[in-house]
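FYI, it's all coordinate maths here, none of it is from the lab. Fair warning: this is a prediction, and the values are worked out from it, not measured in the lab. In this analysis, Cβ positions are derived from the backbone assuming ideal geometry, glycine residues included, and neighbour counts consider all displayed protein chains.
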Amino acid sequence: MRGREDDVSYSTKHTALSVRPAVIHDAEAILEIIQPYVDEDIVLPIPGYRLYERIRDFVVAEREGMIVGCGSLMIMWHDLAEIRSLAVRKGCQGGGVGRHIVDVLIDEAITLGISKVFALTYETTFFGRSGFDVVEKETLPHKVWKDCTHCARFTHCDEIPMARILIPDEQRDPDHLLPPLPPPDPNLIMPQSKI
Ligand SMILES: CC(C)(COP(=O)(O)OP(=O)(O)OC[C@H]1O[C@@H](n2cnc3c(N)ncnc32)[C@H](O)[C@@H]1OP(=O)(O)O)[C@@H](O)C(=O)NCCC(=O)NCCS
């Protein structure tokens with residue numbers, strides 16, 4: 001598993017970018033980066049207390065001493081994790097920051113032995129570039145939608161579920177796995193989506 005000292009550096013066409021595990025002092029920058037997207041209902045808000053609880057899930061991208069992006073890997077079950085709170089600072093988009101954050105989160109998921117990573121997103125081209133495919137929302141377990149009840153768009157959700165398989169079913173060791181989470185109960189209220 002990654003150590004807190006881990007730091008994955010990349011050289012972009014402009015300047016060096018490093019993606020590293022977040023520390024407590026990054027919380028303010030993370031909130032500052034995601035807030036414009038929260039205001040646009042693109043990213044779910046995170047209350048401060050929740051961010052501190054989840055700070056170990058986060059990585060930040062740093063360029064020339066400035067935090068330019070963030071993202072988190074939230075583990076749902078033995079075989080499933082979500083990329084959440086992914087955001088690149090306004091004005092810093094289109095320079096590979098988002099891709100490098102996703103690369104690091106995927107590497108972490110692989111190290112942890114997680115077989116599938118998903119995201120609920122409007123950015124289908126971006127995630128498609130990182131190997132994600134659009135999936136039916138019914139293929140994701142009900143637990144995935146738990147936090148959606150806090151979202152302003154819960155009853156008219158048009159985010160698109162996308163997933164990337166990291167370990168195919170046939171390569172997983174069934175002797176060491178808990179049963180999969182049950183799929184969503186169609187009788188419970190589910191967010192509506194386009195697909
Ligand atoms: C989506 C987001 C994370 C992308 O980060 P980014 O740093 O701008 O993206 P990158 O520069 O790493 O782009 C990687 C690739 O995706 C493509 N891409 C990125 N955003 C795109 C978009 N909106 N439309 C089409 N293609 C896009 C890039 O052209 C690039 O393609 P390439 O493989 O040909 O080089 C960023 O725009 C963002 O913060 N968006 C708002 C918050 C959000 O939607 N988060 C996702 C929630 S799940």
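Could you tell me the relative contact order of the stretch 8-176? Use alpha-carbon pairs under 8 Å, at least six residues apart, and round to a whole percent.
In percent, rounded to a whole number, it is 19.
Step by step: find N for the stretch 1-142, compute 2.2 N^0.38 Å, then divide the Cα radius of gyration by it. What's the final number?
Dividing the Cα Rg of the stretch 1-142 by 2.2 N^0.38 Å gives 0.99.
Going 7 Å from the Cα of SER18 along its beta-carbon direction, which residues of the stretch 62-82 have the amide nitrogen within less than 11 Å of the resulting point?
Correct set: 62-66.
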